[in-house]
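The values are calculated or read from the model by the stated rules, or taken from the named source; none is laboratory data. Owing to the predicted nature of the structure, the values given are computational and were not obtained by experimental measurement. Cβ placement follows ideal geometry from the backbone for every residue including glycine, while neighbour counts extend to all protein chains displayed.
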Amino acid sequence: MSKGIVKYFDAFKQRLLKEGEEFNENDTTEYLDCLSCLKKVNNGIHRQEVILWFNENDIDYFNMTDLEMYIYYIEKNSVR
């Protein structure tokens, strides 16, 4: 998984763990460092390609968000 996506999830977990702190759900400042990675994925992997792969591999994606689908697709198709 890319470092940008990992940072995104870590930041999200930290926000959930902070109790009693006022939370502004519309403030996306902490995700600015993820933009370049998200744009790279958006420009490099077309949604139709992801959907076709899910269908060809008989994987149910009905309850998945687009972001979850991309993450799963990248994890399963990366050469390590």
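From (1) modelled with pLDDT of 95 or more; (2) of a type in the set (A, V, I, L, M, F, W, C); (3) closer than 14 Å to residue 12 by Cβ, pick out the condition that doesn't hold for residue 52.
Failing condition for residue 52: (3).
Among all residue pairs at least 6 apart or on different chains, which show Cβ distances below 9 Å where the first residue, located in the range 29-43, is free of Cβ contacts under 8 Å to residues at least 12 places away in the same chain and the second is of a type in the set (Ser, Thr, Tyr) and assigned to a helix (DSSP H, G or I)?
Going by the 9 Å Cβ cut-off, the qualifying pairs are 42/70.
Within the range 45-80, track down each residue that is within 20 Å of residue 7 (Cα to Cα) and in a helix (DSSP H, G or I).
Those that are within 20 Å of residue 7 (Cα to Cα) and in a helix (DSSP H, G or I): 66, 67, 68, 69, 70, 71, 72, 73, 74, 75, 76.
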